[in-house]
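One structure is given here, and the rest of the page talks about it.
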Amino acid sequence: MIPIVYFADQLLKFTFLKHLTDYTFINRNLAFSIRTQFISAKWLSLATLVAIIYLAAIARKKINQNAAFLVIAGAASNFVDRLVRGGVVDFINLKIWPSFNLADIAITIGLVWIVMGFIFRPLNSQQSS
């Protein structure tokens, strides 16, 4: 799943950069266009990606792996953008929300999926009667 999401996002970004430049925005800030003065967005993105991979590995039985893969794929694609282009390529602009891309959608769906898994987890069968 990781390669599919990653390459689909990169293909869409390439297409928008090449053919639809009027609809493309290079976001040099953090998620939701939050600015940072204290740490480079590139290094923060790398630290986040490493943390996500580590947490997915140690919490293998507690979180849905497909959800974790969505988050990892999106984070990896956005990190590569920061390395190669100096910022994340955003191409979806709804005017009422900061611009975003397919990787952001994958990250959001994956995180919601993980949170929902914790909220609706079956009760532990070892409860005393």
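The values are calculated or read from the model by the stated rules, or taken from the named source; none is laboratory data. This one's a predicted model, so the numbers in the text were calculated from it and none came from an experiment. Here the Cβ is made from the backbone with ideal geometry for all residues, glycine too, and neighbour counts use every protein chain on show.
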Test set (1) of a type outside the set (Phe, Trp, Tyr); (2) over 27 Å from Phe14 (Cβ atoms); (3) modelled with pLDDT under 75 - Lys42 fails condition number:
(2)
Any residue in the range 99-118 that's surrounded by fewer than 16 Cβ atoms within 10 Å (Cβ to Cβ) and in a helix (DSSP H, G or I): show its pairings with residues that are at pLDDT below 85 and among the aliphatic types (A, V, I, L, M) at Cβ separation under 7 Å, as long as the two are six or more apart or on different chains.
Gly117/Ile63
Looking at (1) of a type in the set (Gly, Ala, Ser); (2) more than 27 Å from Leu17 (Cα to Cα); (3) buried (at least 20 other Cβ atoms within 10 Å of the Cβ); (4) without any contact (Cβ under 8 Å) to a residue 40 or more places away in the chain, which one does Ala57 not meet, given that it meets all the others?
(3)
Please indicate, with yes or no, whether at least one residue in the range 15-29 is among the aliphatic types (A, V, I, L, M), surrounded by fewer than 12 Cβ atoms within 10 Å (Cβ to Cβ) and modelled with pLDDT under 85.
no
Report, by residue number, each residue of the range 98-128 that is at pLDDT 85 or above and charged (D, E, K, R).
Asp104
Taking the range 64-84 and keeping residues of a type in the set (D, E, K, R) and either free of Cβ contacts under 8 Å to residues at least 60 places away in the same chain or more than 17 Å from Asp9 (Cβ to Cβ) (or both) leaves Arg82
